[in-house]
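Q: I have a structure here, written as structure tokens, and I will follow up with some questions on it.
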Amino acid sequence: DSGVTQTPKHLITATGQRVTLRCSPRSGDLSVYWYQQSLDQGLQFLIQYYNGEERAKGNILERFSAQQFPDLHSELNLSSLELGDSALYFCASSVGGRQVNTEAFFGQGTRLTVV
Amino acid sequence: QKEVEQDPGPLSVPEGAIVSLNCTYSNSAFQYFMWYRQYSRKGPELLMYTYSSGNKEDGRFTAQVDKSSKYISLFIRDSQPSDSATYLCAMKADSWGKLQFGAGTQVVVTP
């Protein structure tokens, strides 16, 4: 168990809908990353937050947004869903900040299926 | 050109053999290097983390970093069928930065 919790584990929804994925980082971790992994594809970086502030942005669609709350949990919002958004969405957390031990630990992911 | 290059494989080895995996990268600013193991459609599991050049050993796993060549490696000794998975290298320039992944190498260890 990595200590990173993602909910829900599975999500099935229709095109055009909006969903929210939730991530609770490991205790003490201030940095949260979101990744998308489509079938047989690598991990695509979406966005990173550190202590509530956006730190880095990757190939995140305008229909997607995220935030990190004061209690450090993070949510990824996906709207106007399309069939191509079906994928595994992973959250990772790390201590972040000016520390040497900054390895990232992943949750088990949310499997999103858009029908 | 991708920042991190990794051969997707598949790499098939017999049980007991040494598995050799590697990644090359183009961004000389990368300082933190990680190797993850991912079983089919599960969350990536951190195997090794290195901060500087040189070797790091943990059980059957050895990670090597050569910053001068921009090349990192992972060796798995005495491979087992349970080592069959996709292995991903990852790296970042600083503790704040995004984690950049390679494409992952699929490894199959045959009994």
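Q: Would you be so kind as to identify which of B:Q6, B:F101, B:S84 lies farthest towards the positive end of the dipole of chain B, taking Lys and Arg as +1 and Asp and Glu as -1 on Cβ and the Cα centre as origin?
A: Sorting the options by dipole projection puts first B:F101.
Q: Please work out how many pairs of lysine residues in the protein assembly as shown are eight or more positions apart (or on different chains) and have Cα atoms closer than 16 angstrom.
A: Pairs that pass both the separation and distance tests number 9.
Q: Which residue fluctuates the most in chain A, going by a Gaussian network model with Cα springs under 10 Å, if the choices are A:E103, A:E53, A:E62?
A: A:E62
Q: Could you give the dipole magnitude of the stretch A:6-115 about its Cα centre, charging the beta-carbon of Lys and Arg +1 and that of Asp and Glu -1, in debye to the nearest 20?
A: 120
Q: For chain A, modelled as a GNM with alpha-carbon contacts under 10 angstrom, which of A:N77, A:N59, A:N51 fluctuates the most?
A: It is A:N59.
Q: Place a +1 charge on the Cβ of each Lys and Arg in chain B and a -1 charge on the Cβ of each Asp and Glu, then give the dipole magnitude about the Cα centre in debye, rounded to the nearest 20. Show your work: numbers first, answer last.
A: Values: 11 positive and 11 negative charges, 54 e Å.
It works out to roughly 260 debye.
No value in this document is a laboratory result; all are computed from the given coordinates. Given the structure is predicted, the values throughout are model-derived calculations rather than measurements. So basically every Cβ, Gly included, is an ideal-geometry build from the backbone, and we count neighbours across all protein chains shown.
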